[in-house]
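Notes to accompany the following structure.
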Amino acid sequence: MQMEDVLDKLAQLSPKEILGYALASEDDARELYGHLASKSGSLLGEFFRDLAKAEESHKRILLKLYEGLFGNTDYPIPQDIPLAETTVKIDTVGNLIEATRIALENERNAERIYSHLAEMFPEQRGIFKFLAAQEKAHYAAIKSHVEYLEEITHGESEYINAPVDYVVNQLELYLTPHTRP
């Protein structure tokens, strides 16, 4: 489903359902980043764990907002609007690149949804603008990782099809701080 279709469908929902969708999306993003962290080395894994923590923080913000607006935290999740892709098999460098591209697109979509919600909920505009800015920052950070992975593979099949450990181990060699004996 295209982002425009998602925004059109969201516009037809009640405020409870819209916030329910946003809450469920934060859960899905957290799961994706947790999965990516588990398949990455310590440096890249830490990056994805930090993103997972940020998404959890976004969910707490949204839950507090939801509770303030509706008096509880039992939010509905609309069934006819797909959430972000969260499961990708990651066993090759190519799979890792694909997964980071999915994460990139998810962040772009989240930014657009929060910007849309800022217009729909003028009283909470500041919260949604903050969340949109956070997602935009995530996008920029993930984009730099995607660009790095694409640069080191240069579309070469021996790198694209290499086990994900190959690139993770190479990244660790060059970027891990070293101490002198």
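Rule-based calculations on the coordinates, nothing more; no lab input. In this text the structure is predicted, and so the values were computed from the model without any measurement. Quick reminder, even Gly has a Cβ in these numbers, built from the backbone with ideal geometry, and neighbours come from all protein chains shown.
Please list the non-local residues whose amide H lies under 5 Å from the amide H of residue 92, H modeled 1.01 Å from N, same-chain partners needing a gap of 5 or more.
Placed amide hydrogens put 164 under 5 Å from residue 92.
Past the 24 Å Cα-Cα mark, which pairs from 9/89; 9/143; 59/129?
From the list (9/89; 9/143; 59/129), the Cα-Cα distance tops 24 Å for 9/89; 9/143.
By the scheme Lys and Arg +1, Asp and Glu -1, what is the net charge of all other residues having a beta-carbon under 10 Å from that of residue 142?
The answer is 0.
Please label the shape of region 17-99 as rounded, prolate or oblate, based on the square roots a ≥ b ≥ c of the eigenvalues of the alpha-carbon gyration tensor (a/c under 1.5 means rounded; beyond that, a/b larger than b/c means prolate, else oblate).
Taking the square roots of the gyration eigenvalues as a ≥ b ≥ c, region 17-99 is oblate.
For the chain, what does the relative contact order come out to in percent, with C-alpha contacts under 8 Å and a separation of six or more?
On the way: 189 pairs, mean separation 46.0, N = 181.
Relative contact order, the chain: 25 percent.
With +1 on each Lys and Arg Cβ and -1 on each Asp and Glu Cβ, how big is the dipole of region 1-103 about its Cα centre, in debye rounded to the nearest 20?
Around 300 debye, computed over region 1-103.
First select every other residue whose beta carbon is under 14 angstrom from the beta carbon of residue 133; then total the charges, Lys and Arg +1, Asp and Glu -1. Display every interim value, and only then the final one.
On the way: positive: 108, 112, 125, 129, 136; negative: 107, 111, 135.
Every neighbour counted, the sum reads +2.
Rg and Dmax of the chain, using alpha carbons, in Å: what are they?
18.1, 64
Take the Cα of residue 72, step 7 Å along the line toward its Cβ, and report every residue of region 17-32 whose backbone nitrogen sits under 14 Å from that point.
Within reach of a label on residue 72: 17.
So how far apart, in nm, are the two label points at residue 64 and residue 125 if each is 7 Å from Cα heading toward Cβ?
For the pair residue 64/residue 125, the computed spacing is 2.1 nm.
Between residue 57 and residue 79, what is 0.36 nm times their sequence separation minus the Cα-Cα distance? Round to one decimal in nm.
Values: separation 22, 0.36 × 22 = 7.92 nm, distance 2.39 nm.
So the chain would gain 5.5 nm between residue 57 and residue 79.
Quote the charge dipole size of the chain about the Cα centre in Debye, to the nearest 20; the model charges only the Cβ of Lys and Arg (+1) and of Asp and Glu (-1). Don't skip to the answer; put the middle values down first.
Values: 18 positive and 31 negative charges, 127 e Å.
Taking the Cα centre of the chain as origin, the dipole is about 620 debye.
In percent, how large is the relative contact order of region 76-162, given Cα pairs closer than 8 Å and 6 or more residues apart? Provide the component values of the computation, followed by the final result.
On the way: 67 pairs, mean separation 30.2, N = 87.
It comes to 35 percent, rounded to a whole number.
Which distance in nm do the two modelled labels at residue 43 and residue 157 give, with both placed 7 Å along the Cα-to-Cβ direction?
2.9
Pick out the long, greasy-scoring helices in the chain: whole DSSP H runs spanning 18 Å or more along their own axis by Cα, mean Kyte-Doolittle at least -0.5.
Qualifying helices, which must be both long enough and hydrophobic enough, are 15-38, 42-70, 93-120, 125-153.
What net charge is computed for the residues neighbouring residue 90, neighbours being all others with C-beta under 9 Å from the C-beta of residue 90, Lys and Arg scored +1, Asp and Glu -1?
0
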